[in-house]
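The values are calculated or read from the model by the stated rules, or taken from the named source; none is laboratory data. Everything quoted here is computed from the prediction, not taken from an experiment. Every residue, glycine as well, gets a Cβ built from its backbone with ideal geometry; the counts of neighbours run over all protein chains shown.
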Amino acid sequence: MPVTPVLRMGDPRLWQVAREVDETKLDALPKLLEPMRATMAEYKGVGLAAPQIGVGLRVVIFGMDANPRYPEAEPVPHTVLINPKIEILTQETTNAWEGCLSVPGMRGLVPRPTHIRYRGVDENGDTIDREAKDFHARVVLHECDHLDGILYPSRIVDRTKFGFIEELETAGLIPKLEKES
Ligand code: NI
């Protein structure tokens, strides 16, 4: 399976707004999805957005199985989401540590809304319309941010809660074994 290098922060392509996919031409998508899936699996991410492999289209993939190591993180359905639209359903936000395959080796504490609705289509053109909370919502918001050229460091409010994994672990700020997306 073709693993593709993930663009890292600093590459101007990560700051661009991705284009809508023509939903009448989804036949071409497997060519994009295959390297995305392979790359996400290789890096053990919970999500990946097309711009992260240099493709400026509004396509994200995400998903995480139940993992006894993360009992507090509910499983996230394995999803291909095209042309996503997000609605925020609450004023409430929570802070959690995020990582990103485009910002390797680092973590930051990011506030996100805890309850959203997201809509779009999958690779077959079938409608996706779901509500998501907490971790699931966070994953979707993080990935969809990539489509608008937003990386999580731009969302950090408390700049002292951003740094290299090793230093944050040593400082006791983050637990070990986090996931990237
Ligand atoms: Ni990311």
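Points to keep in mind about this one:
- Unique match (being charged (D, E, K, R), within 19 Å of Gly149 (Cα to Cα) and out of contact with any Gly (no Cβ under 9 Å at 6 or more places or on another chain)) among Arg117, Arg112: Arg112
- Flag if Ala73 is touching a residue at least 40 places away in the same chain (Cβ under 8 Å), over 18 Å from Leu151 (Cα atoms) and away from the ligand (no atom under 16 Å from the Cβ): yes
- Residue check for Thr90: surrounded by fewer than 12 Cβ atoms within 10 Å (Cβ to Cβ), under 14 Å from Arg138 (Cβ atoms) and either among the charged types (D, E, K, R) or modelled with pLDDT of 95 or more (or both): yes
- Residue satisfying all of: in the range 71-109; part of a strand (DSSP E or B) and of a type in the set (S, T, N, Q); nearest to Arg37 (Cα to Cα) among these: Thr79
- Verdict on Leu29 being of a type outside the set (Asp, Glu), away from the ligand (no atom under 16 Å from the Cβ), in contact (Cβ under 8 Å) with a residue 60 or more places away in the chain and crowded, with 19+ Cβ neighbours inside 10 Å: yes
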